[in-house]
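The values are calculated or read from the model by the stated rules, or taken from the named source; none is laboratory data. This is a predicted model, so every value here is computed, not measured. Cβ atoms come from the backbone with ideal geometry, glycine included; neighbour counts cover every protein chain shown. What goes into the accessible areas is simple: the full protein's heavy atoms, side chains included, and nothing from ligands, DNA or RNA. Shrake-Rupley method; radii C 1.70, N 1.55, O 1.52, S 1.80 Å.
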Amino acid sequence: MADLSENILEQFVGHGVIQAEKLDFCRSLAEETGRTLEQTVVEEGLISEAEILQQYAQKLGMEFFEDLGARRVSHLFLNHVPLQFARQNALVGLMNGGGRLEVATSSPLELHPLDDLSRMLNVEFDTVLATRPQILQLINQTYPQGAEKVGQMVEEIREEDISRLSAEISETEDLLDIANKAPVIKLVNTILSQANRNRASDVHIQPYEEKVVVRYRIDGLLDDYQVLPRKVHDALVSRIKVMGRMDIAERRFPQDGRATVRVAGHELDLRISSIPTSHGERIVLRFLDKSSGLFRLEEIGLDEKHLEKLGTLIRFNHGIMLVTGPTGSGKTTTLYAALDRINTKEKNIITIEDPIEYQLSGISQMQVNEKKGLTFAEGLRSVLRQDPDVMMVGEIRDRDTASVAIQCALTGHLVFSTLHTNDAPSATTRLLDIGVEPYLVSSSVIAVMAQRLVRVICPHCKTGTLVDKENLDSIGLKMDELPNGEVMVGAGCDTCRGTGYFGRTGLYELLMVDDAVRDQIMHRTGASMIKRQAVSCGMRTLRMDGAEKVKRGQTTVDEVLRVTQMDVF
């Protein structure tokens, strides 16, 4: 079997995919570290795991799946195979339309785990191939780690458990490995791992007089997940505070903390916030998935025209590019995607953020610390002495920050930043309102992009349906613009938890600051007049962009109405 592995890697050398010297280096490295040669080659970036598995599929006559997203895990596998065994060996049983069980593995030459699995299942199965991340993701999404086990853990929590909370959580601990943990630790780990499995961005622990409600924010909307008895509240809060290195004894003042945990191989940053309420401390945990990778501009919902204009703007030598929208509308994601697009060794890019949400390779990132006097404005002044080409300021909150950002733009730097306004034209008037002179705004701002996030229709239960004409009129659509007079909706299925939606995409409104807009800024024209003029010149509003996405079957009329305001012209 080892000969087959060597043979496959030598084939890649023969085809010029891997250099012979680099393969020899990996052999030496594998001997030193105790890893397999295949693992070393993949980790060194010489070739992908998928490419190796495709060769195994040809040699062994097995089927290779690039994506397991549409496959369902067999109930037989779930009932008979422990989670720890499945994760440790990266094995998952798949339902086959023909009635025969298929087991996906990323290590076809390791036969002992397959033999053990055969004894557990006591049925014959076919072996197929998939990458380890795909298998672990499917295991994480499917195994019952949630509500059905929470009740049992709640019953096990006792008052004396609080005294055992002083042990710090291990940085390499995986939240799915909950065997032999104290009941309260099991409970917290289960709540967090289930939140990750359901793609939650936030977890709310909300106390009431006689109960504690655990709520998840999924695709932008809060949903109740579990109701717990009031007696577990103190233990639950104390455990979360220990994870965030917060003061357990202090319950009268708000606190903030951070923690890093692993869930099913993913490293997650948790931002933890606690506030005192009349029924006890309320906790909110924000999830930041460090291993999910950055979005590219092509992946955030921009159409071709917006992409083309934005691609031109972010390559300007100087000026301010503003992104506006409420909290949680994806502004930071858009800015990161823009910076990633222009990140080259010829450019010195520095960001000033509060807080730093994701680490950007090749970019210097500074975190604001207002307690020590490092504000956005002070950070900008310091960054100017670092010979930057491009700067990103997390948010323009006041006149001081706005003035420094404008001076940076006027002295030959490209500046990205965010504002909290309802639409793109309002950003220019907001700068005037906080005290910036009109001539400075008109000469420095090159464009403003407003955005919102809408939920995407679940691809697994998407179906066409007739829609009321009044609803279509509310977003500016006509019946004859729809294919077959139908709009797409989600019927609701297990994948989307019956909501009909899975994932989110962006709606965008891009205002280019041309001569006409500059003239309006100089005359302090209101945002509504600037918007009217921009629309007459071809700007598409947030609601118009939403209507386009309804026509393309990406989202629904209700979602567009939920996140946008009426356009009155």
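Centre-to-centre separation between the Cα atoms of segment 298-323 and those of segment 48-124: 43 Å. Placing R0 at 25 angstrom, the Cβ-Cβ distance between Q39 and L76 gives a FRET efficiency of 0.25 after rounding to 0.05. Annotation: for a label point projected 7 angstrom from Cα along Cα→Cβ of N198, residues of segment 233-249 with backbone N closer than 20 Å are 233, 236-237, 240. Among the protein heavy atoms of segment 402-492, carbon and sulfur supply 48% of the accessible surface, probe 1.4 Å, non-protein parts ignored.
If you plug the beta carbon distance of L101 and L29 into 1/(1 + (r/R0)^6) with R0 = 45 Å, you get a FRET efficiency near 0.75.
In straight-distance terms, cross-link reach from K211 covers every one of the aspartates and glutamates whose alpha-carbon lies under 15 Å from its own, apart from those fewer than eight places away in the same chain; here that gives E155, D224, D234, E281. Indicate the gyration tensor shape class of segment 55-132 (rounded, prolate or oblate), computed on the Cα atoms with a ≥ b ≥ c the square roots of the eigenvalues: a/c under 1.5 is rounded; otherwise a/b larger than b/c is prolate and the rest oblate. It comes out rounded by the Cα gyration axes.
Full extension of the segment from F85 to Q565, taken as 0.36 nm per residue of separation minus the current Cα-Cα distance, would add 167.7 nm.
Within the chain, C26, C408, C537 have no other Cys Cβ under 4.7 Å of their Cβ and so lack a disulfide-compatible partner by this rule.
Calculated FRET efficiency, T327 and E209, Cβ-Cβ r, R0 41 Å, to nearest 0.05? Step by step, r from the Cβ atoms, then E = 0.90. For segment 344-401, what log10 I(q)/I(0) values come out of the Debye formula at q = 0.19 1/Å, with one point per alpha carbon and no solvent? The computed values of log10 I(q)/I(0) come out as -0.65.
Working out 0.36 nm times the residue gap between D519 and L222, then minus their Cα-Cα distance, what length gain in nm do you get to one decimal? List each step's numbers first, then the result.
Details: separation 297, 0.36 × 297 = 106.92 nm, distance 4.33 nm.
Working it through step by step, the gained length comes to 102.6 nm.
In degrees between 0 and 90, to the nearest 10, how far off the longest principal axis of the chain does helix 49-60 point, with axes built from Cα atoms? Orientation of helix 49-60: about 40 degrees from the principal axis. Per the Cα gyration tensor, segment 445-569 maps to an equivalent ellipsoid with semi-axes of 33, 16, 10 Å, ordered largest to smallest. In this label model, L109 and R230 are separated by 6.2 nm, measuring between points 7 Å along each Cα→Cβ vector. Place a point 7 Å from Cα of I342 in the direction of its Cβ. Which residues in segment 411-448 have their backbone N less than 14 Å from it? Only 411-418, 445-448 pass the distance filter. In this rough spin-label picture, where each label sits 7 Å from Cα along the Cβ direction, the K372-R552 distance is 4.5 nm.
For segment 341-390 versus segment 188-213, the inter-centroid distance based on Cα atoms is 34 Å.
Against the main long axis of the alpha-carbon atoms of the chain, helix 399-410 sits at an angle near 90°. When the Cα positions of L91, A195, L453 are compared along the charge dipole of the chain, L453 comes out farthest toward the positive end, with charges on each C-beta of Lys, Arg, Asp and Glu.
Calculated from DSSP H runs of 4 or more alone, at -39500 (n - 2.57) each and per residue, what is the 222 nm mean residue ellipticity of the chain, nearest 500? Spell out each step's value before the answer.
Details: 22 runs with 218 residues, N = 569.
Value at 222 nm, helices only, nearest 500: -11000 deg cm²/dmol.
Using only side-chain charges placed at the Cβ, +1 for Lys and Arg and -1 for Asp and Glu, the dipole size of the chain relative to its Cα centre rounds to 1560 debye.
Net charge in the neighbourhood of E304 (other residues with Cβ under 12 Å of its Cβ; Lys, Arg +1, Asp, Glu -1) is -2.
Modelled this way, with points 7 Å down the Cα-to-C-beta line, the labels at D116 and T312 are 6.1 nm from one another. The equivalent ellipsoid of the chain has semi-axes of 43, 31, 28 Å, largest first, where each one is the square root of 5 times an eigenvalue of the Cα gyration tensor.
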